[in-house]
Amino acid sequence: MANDIVNFPVNRLNCILDMLIEEMRNLTNENRDQSIEWSINHVYSCSQLAKLLAVKRGLDPEIAAIAGAIHDLAIIKTGKFENHGPAGDAYIRNLIHKYNADFGNKFGLIENEEIEIIVLASVHHSEKTIFTDNGYIELIKDVDSLDRFLHGKDTYAHYEERSTKALRDLNLNFSDFK
Ligand SMILES: [Fe+2]
């Protein structure tokens, strides 16, 4: 009915987003391979796109969105792009463990098996030319690619292939954006 309230519970994600903005708010662009402004934009838009694509693909949208938000944490932490996927492993675990310790009681724990999903998808997200049977790994690769396109970045090769795949699942294609 029109007057019913609908609510999508993403309290854990929202708290992780707050923690990420806390990580980023005082950083400068000095010695960074990517601007902190880009990192901020990319955190938020990847988390939103991950929700949409996860629902379309039958995956957990909050866990997908946490992975979307956190997958480039190594770039945020170090400023370095090289090897940032694998380098994110420890940073991501630390941040989620801190979340569980400080906010788990209030918003709900991120369980160990959920942590593994998030870490795995993040660690492998740069391997865009490799296709796996892990839905979350594929989702973060696709979301990362589509987000670049939607922010107006040149889209080619594996980015184009993965953006196409993501758009197709959302019943869209590149020609819709002309
Ligand atoms: Fe990345």
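FYI, it's all coordinate maths here, none of it is from the lab. All figures in this text were calculated on a predicted structure; none of them were measured in a lab. FYI the Cβ positions are ideal-geometry reconstructions off the backbone, even for glycines, and counts take in every protein chain you see.
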- [ ] Read through the list (1) of a type in the set (A, V, I, L, M); (2) more than 20 Å from residue 51 (Cβ to Cβ); (3) outside any helix (DSSP H, G or I), then give the number of the only condition that residue 110 fails.
- [x] (2)
- [ ] Among residues belonging to segment 59-98 that are farther than 16 Å from residue 43 by Cβ and within 15 Å of the ligand (Cβ to nearest atom), point out the one that is surrounded by the most Cβ atoms within 10 Å (Cβ to Cβ).
- [x] 87
Open item on the list: Looking at (1) hydrophobic (A, V, I, L, M, F, W, C); (2) more than 23 Å from residue 151 (Cα to Cα); (3) assigned to a helix (DSSP H, G or I); (4) in contact with a Leu (Cβ under 8 Å, 6 or more places away or on another chain), which one does residue 59 not meet, given that it meets all the others?
Closed with: (3)
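Residues that are free of Cβ contacts under 8 Å to residues at least 60 places away in the same chain, buried (at least 22 other Cβ atoms within 10 Å of the Cβ) and within 14 Å of the chain's Cα centre (by Cα): does segment 151-170 have at least one? Write out each step before concluding.
First pass over segment 151-170, keeping only residues free of Cβ contacts under 8 Å to residues at least 60 places away in the same chain: 152-165, 167-168.
When the remaining residues are screened for being buried (at least 22 other Cβ atoms within 10 Å of the Cβ), the result is 162-163.
Narrowing the set further to residues that are within 14 Å of the chain's Cα centre (by Cα) leaves none.
No - not one qualifying residue is present in segment 151-170.
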Open item on the list: If a residue must be within 14 Å of the ligand (Cβ to nearest atom), touching a Lys or Arg at 6+ places or on another chain (Cβ under 9 Å) and either more than 13 Å from residue 72 (Cα to Cα) or touching a residue at least 60 places away in the same chain (Cβ under 8 Å) (or both), how many such residues does segment 99-138 contain?
Closed with: 2
